[in-house]
Amino acid sequence: MEREVILYIGVSVDGYLADADGGVDWMKGHGAEEGDGGYQAFYETVDTLIMGRATYEQVKTQLSPDSWPYEGKECYVVTSQFLEDTDEVTFWPGDVWELVFLLKQRSGKAIWLVGGAKLLKSFMEQELVDQYWISTLPVILGKGMPLFLPGDYGERLILDRTLVWDGVVTNVYFNRAENAE
């Protein structure tokens, strides 16, 4: 079976992945339920991550400045700049289609498309996302960074399941009708 590319991401009720300042500290449920809403179970199904440079910078400087949170996972950062690889990440200045093609030739677990919106747009325009796990958090921001940027794509999704935990609703979609038949 071919490895799948999965977008696993959280958004506000009004569709933003970050507030107007790029912050994500609002990403939480009601606080009434214990656990992580299935994050760890999902995390164990992936062995490779792909993220944009802005997301990488946010992880390194704001979200987890003291330690790399994806230890033991292969991580690619898509960027238009030629940067030197680190112990944690491989910088990919090429086309995302080529990267996904190469990764799918290898055996392994799923590939997590971490973010952000600009990178997602390029993946969608090339029909590279196999599953969408979109968690809607119980907050309305009013403005911020939208998940979906205008682009040359259109996708009919098949709802596979809905998970609810602590006020967070996660819809899991497949992007191809033949996956659901």
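In a residue-by-residue description of the stretch 108-117, the property of being modelled with pLDDT of 95 or more, of a type outside the set (A, V, I, L, M, F, W, C), in contact with a Lys or Arg (Cβ under 8 Å, 6 or more places away or on another chain) and at negative phi applies to at least one position. The residues of the stretch 1-48 that are part of a loop (DSSP other than H, G, I, E, B), closer than 26 Å to ASN175 by Cβ, charged (D, E, K, R) and touching a residue at least 40 places away in the same chain (Cβ under 8 Å), listed by number, are GLU2, ARG3, GLU4, ASP14.
So that you can scan it fast, the table gives a plain yes or no per residue for (1) touching a helix residue (DSSP H, G or I) at 6+ places or on another chain (Cβ under 8 Å); (2) at pLDDT below 90; (3) surrounded by fewer than 17 Cβ atoms within 10 Å (Cβ to Cβ); (4) among the aromatic types (Phe, Trp, Tyr):
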{"residue": "ASP19", "(1), (2), (3), (4)": "no, no, no, no"}
{"residue": "GLY22", "(1), (2), (3), (4)": "yes, no, yes, no"}
{"residue": "ASP25", "(1), (2), (3), (4)": "no, no, yes, no"}
{"residue": "ASP36", "(1), (2), (3), (4)": "no, yes, yes, no"}
{"residue": "TYR39", "(1), (2), (3), (4)": "no, no, yes, yes"}
{"residue": "THR45", "(1), (2), (3), (4)": "no, no, yes, no"}
{"residue": "THR48", "(1), (2), (3), (4)": "yes, no, no, no"}
{"residue": "GLY52", "(1), (2), (3), (4)": "yes, no, no, no"}
{"residue": "GLN58", "(1), (2), (3), (4)": "no, no, no, no"}
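Taking the criterion of being surrounded by fewer than 18 Cβ atoms within 10 Å (Cβ to Cβ) and either among the charged types (D, E, K, R) or farther than 21 Å from LEU99 by Cα (or both), the residues of the stretch 122-133 that qualify are GLU125, GLU127. When VAL129, VAL168, VAL77 are checked against the criterion of being in contact with a strand residue (DSSP E or B) (Cβ under 6 Å, 6 or more places away or on another chain), over 19 Å from ILE50 (Cα atoms) and of a type in the set (A, V, I, L, M, F, W, C), VAL168 stands alone in meeting it.
The values are calculated or read from the model by the stated rules, or taken from the named source; none is laboratory data. Every value quoted in this text rests on a predicted model; they were computed, and no experiment measured them. Note: ideal-geometry Cβ built from the backbone for every residue, glycine included; neighbour counts use all protein chains shown.
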